[in-house]
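Contents: one structure, followed by commentary.
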Amino acid sequence: MTLVIVRATARPYRSATMIEYRIHGRGGQGSVAAAYLLASAAFEAGHTCQAFPSFGAERRGAPVTAFVRIDNQPIHLRSQVRTPDFLIVQDDTLLLDRGITDGLKPGGAMIVNSRRSDEDVAEAFSCRTKCIPATELALDYIGRPIPNTALLAAFLTMTGHLPVEALAAALKGRFKGAVLEKNLALVDAVAGMVPAGAWKESEDA
């Protein structure tokens, strides 16, 4: 008779310091790029990070979801982010899906690419909300309707999770020349449009 001993291994867990983000957009809006930029900014700021997409139908305009985790220690989770601390919504037509905030933690918040009022969306979804016309801003500054840089700049300014300078460093690792300069100008402009630390103060309260 052979005795087989199976050693139990600990299941991956979410640490108390981990912050999880879920990014919703449509194909062609740079949702996956937004996830990688956010993770790169976290890396530049000295954190551990994880970013990955989830695709449905792979066509332009189809819904796309991407996930980011940031922590101060190694990340062992590999599952999708089901209970995010924050949402980044790159297209306000996605708000037609009332389930877009499913799993959002109590006290969580979302930033939305929209001209709708913050109060309107916040009341509809019962969470803190900031709306900015990110597509219009992107067209003004970089000449393309890609809202991700503007949304990330606003989000980091409001949360204080990472310095905006870390986002600038991540952009420098991705772009060069005139494209980089236009994106950096967009970051500076958007950072001055939103209340710095507004959501950080709420978290610390």
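The values are calculated or read from the model by the stated rules, or taken from the named source; none is laboratory data. Not measured: the values here are computed from a predicted model. In this analysis, Cβ positions are derived from the backbone assuming ideal geometry, glycine residues included, and neighbour counts consider all displayed protein chains. These accessible areas exclude ligands, DNA and RNA; they are computed on the full protein's heavy atoms, side chains included. Shrake-Rupley method; radii C 1.70, N 1.55, O 1.52, S 1.80 Å.
Quick rundown of the values:
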read-out: Residue in region 47-58 that is over 27 Å from L186 (Cα atoms), open to solvent by less than 50 Å² (accessible area, probe 1.4 Å) and part of a strand (DSSP E or B) present; value: yes
read-out: Pairs, first within 13 Å of V89 (Cβ to Cβ) in region 128-142, second buried (at least 20 other Cβ atoms within 10 Å of the Cβ) and of a type in the set (D, E), C-beta under 9 Å, six or more apart; value: T135/D91
read-out: Subset tally (residues that are under 13 Å from Y21 (Cβ atoms), open to solvent by 50 Å² or more (accessible area, probe 1.4 Å) and touching a helix residue (DSSP H, G or I) at 6+ places or on another chain (Cβ under 7 Å)) for region 35-46; value: 0
read-out: Residue match in region 111-124 (condition: in contact with a helix residue (DSSP H, G or I) (Cβ under 8 Å, 6 or more places away or on another chain), small (G, A, S) and at pLDDT 95 or above); value: yes
read-out: Test: residue in region 158-176 that is open to solvent by less than 20 Å² (accessible area, probe 1.4 Å), assigned to a helix (DSSP H, G or I) and not aliphatic (A, V, I, L, M); value: yes
read-out: Hits in region 94-108 (condition: in contact with a Phe, Trp or Tyr (Cβ under 9 Å, 6 or more places away or on another chain) and within 14 Å of A122 (Cβ to Cβ)); value: L95, I100, T101, L104, G108
